[in-house]
Amino acid sequence: MKEKLMPPLVLTIICVVVSGLLALAYNATYVDLTGVMTDELREGCESIFGKADYEMLTEEKNGKKAPVNFGNEKINSIIIDPKTSNCVFEITEDGYSKGGLHLLIGIDYAGQVRGIEFISIGETPGLGTKVQNDDFIHQFLQATTETNIEGLDNVTAATFSSKGMKRAVRECLDVFNENKEAIYGD
């Protein structure tokens, strides 16, 4: 009897564990490309600029609604508050890990970085995750396209993650300045 029950039981346990791991991996790496403002995006925007009526910029692609990214694959979406003209970029950038930095970067109408929030971080715990520290993030605030972002301090022992953050901020500032009229419909 034991010989008949053990193989199916072991297989069932393996399937449950693998399914659980798959669900965790999916939730950790999921990026919404439907053009819908999720609670997580709204909370991140509110953390940067405060409560507002945020709208994701969308366009029709192949008969479906998709977020606008101006041809930049790293940018997942662009969110605006039409009343204040604040803009938030959702971007995924490589740090030490591929796609390890999933960020919201807030830029005001004048083109200055006003805040950075993390949606998720897949960098090395205790090293790369130090890019979330307020001291590191604070040096990006007020940055514009004229700011020497590459010259800002790195986090010690987290060079790749620091460079990824710098690339993400630079990318968002450049896309904002190149497409400001299209973003606000000016």
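In segment 92-105, is there at least one residue being aromatic (Phe, Trp, Tyr), modelled with pLDDT of 95 or more and either crowded, with 18+ Cβ neighbours inside 10 Å or at positive phi (or both)? Within segment 92-105, not a single residue is aromatic (Phe, Trp, Tyr), modelled with pLDDT of 95 or more and either crowded, with 18+ Cβ neighbours inside 10 Å or at positive phi (or both). If the condition is being among the small types (Gly, Ala, Ser) and either outside any loop (DSSP other than H, G, I, E, B) or surrounded by 14 or more Cβ atoms within 10 Å (Cβ to Cβ) (or both), then segment 106-150 contributes GLY106, GLY111, GLY115, SER120, GLY122, GLY128, ALA143.
Screening the candidates ASP39, ASP81 for the property of being free of Cβ contacts under 8 Å to residues at least 60 places away in the same chain and open to solvent by 20 Å² or more (accessible area, probe 1.4 Å) yields one hit, ASP39. One residue alone among SER77, SER85, SER47 is farther than 25 Å from LYS163 by Cα and of a type outside the set (Val, Ile, Thr), and that residue is SER85. Could you go through segment 59-73 and let me know if any residue there is under 13 Å from the mean Cα position of the chain (by Cα) and within 26 Å of GLY128 (Cα to Cα). Scanning segment 59-73 turns up at least one residue that is under 13 Å from the mean Cα position of the chain (by Cα) and within 26 Å of GLY128 (Cα to Cα).
VAL31 falls short on exactly one of the conditions (1) at pLDDT 85 or above; (2) touching a strand residue (DSSP E or B) at 6+ places or on another chain (Cβ under 8 Å), and that condition is (1). Inside segment 151-182, residues that are surrounded by 14 or more Cβ atoms within 10 Å (Cβ to Cβ), closer than 19 Å to THR92 by Cβ and not basic (Lys, Arg) make up a count of 14. Quick check, is GLY128 of a type outside the set (A, V, I, L, M), in contact (Cβ under 8 Å) with a residue 60 or more places away in the chain and touching a helix residue (DSSP H, G or I) at 6+ places or on another chain (Cβ under 8 Å)? Taking the combined requirement at face value, the residue does not satisfy it.
The values are calculated or read from the model by the stated rules, or taken from the named source; none is laboratory data. Being a predicted model, the structure only gives us computed values, none of them experimental. Counting neighbours? That spans all protein chains shown, and the Cβs are built from the backbone with ideal geometry, glycine included. The accessibility values were calculated without ligands, DNA or RNA, using every heavy atom of the protein model including side chains. Shrake-Rupley method; radii C 1.70, N 1.55, O 1.52, S 1.80 Å.
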